[in-house]
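> Just dropping this structure here.
Readers should treat all values here as calculations from the given coordinates under stated rules, not as data from a laboratory. The structure displayed is predicted, hence computed values, not measured ones. Please note: Cβ atoms are built from the backbone with ideal geometry, for glycine as well, and neighbour counts cover all protein chains shown.
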Amino acid sequence: MQIQITARHFDADDRLQEYVRKKALKLKRYYDGITDVQVVLTRGAEIPEAHAEIGLSVFRQQLTARGEGDTHEEAVDRCVERVRRQLYRYKARLRGTDRDEHR
């Protein structure tokens, strides 16, 4: 699984990048078919909030989630939670399709 981290309008330190990598690797627990992860971290010029966006490439589909918070860690946590729910729904659809094909 490849993880790409992009920081817009600021420089992400090593601690933040390691935090994002750790959270992205934990997504493998929910679905092991993730091929790559793109994480975009943004700090607004006018708005002091931190924004994060996560995109996952899975079999024939792209899952995305956005989150905001006071810190980038908080924004990443919200994104990971949203993407985790999407992975559960995605896996349920795959299992439902597989059952119908074998009947």
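> Report, by residue number, each residue of segment 32-80 that is touching a His at 6+ places or on another chain (Cβ under 8 Å), not aliphatic (A, V, I, L, M) and not in a strand (DSSP E or B).
Gly44
> Also: Count, please, the residues in segment 13-41 that happen to be more than 16 Å from Asp77 (Cβ to Cβ) and either buried (at least 16 other Cβ atoms within 10 Å of the Cβ) or among the aromatic types (Phe, Trp, Tyr) (or both). Lay out the reasoning, then the answer.
Just the residues of segment 13-41 that are more than 16 Å from Asp77 (Cβ to Cβ), to begin with: 13-14, 28, 31-36, 38.
From what is left, the residues that are either buried (at least 16 other Cβ atoms within 10 Å of the Cβ) or among the aromatic types (Phe, Trp, Tyr) (or both) are 31, 34, 38.
Final tally of qualifying residues: 3.
Residues are listed down the side, and each one gets a yes or a no for (1) over 15 Å from Leu87 (Cα atoms); (2) touching a strand residue (DSSP E or B) at 6+ places or on another chain (Cβ under 6 Å):
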| site | (1), (2) |
| --- | --- |
| Met1 | yes, no |
| Tyr30 | no, no |
| Val40 | yes, yes |
| Gly44 | yes, no |
| Glu49 | yes, yes |
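> Are any of the residues in segment 1-24 touching a residue at least 24 places away in the same chain (Cβ under 8 Å) and touching a Gly at 6+ places or on another chain (Cβ under 8 Å)? It would help to see each step written out before you state the result.
Step one: of segment 1-24, the residues touching a residue at least 24 places away in the same chain (Cβ under 8 Å) are 1-10, 12, 16, 19-20, 23-24.
Still in the list and also touching a Gly at 6+ places or on another chain (Cβ under 8 Å): 9.
Looking for residues that are touching a residue at least 24 places away in the same chain (Cβ under 8 Å) and touching a Gly at 6+ places or on another chain (Cβ under 8 Å), one finds at least one in segment 1-24, hence yes.
> Being assigned to a helix (DSSP H, G or I) and touching a helix residue (DSSP H, G or I) at 6+ places or on another chain (Cβ under 7 Å) is the filter here; which residues of segment 17-31 pass it?
Start the filter on segment 17-31 by keeping residues that are assigned to a helix (DSSP H, G or I), which leaves 17-29.
Tyr19, Val20, Lys23, Leu27 - these are the residues of segment 17-31 that are assigned to a helix (DSSP H, G or I) and touching a helix residue (DSSP H, G or I) at 6+ places or on another chain (Cβ under 7 Å).
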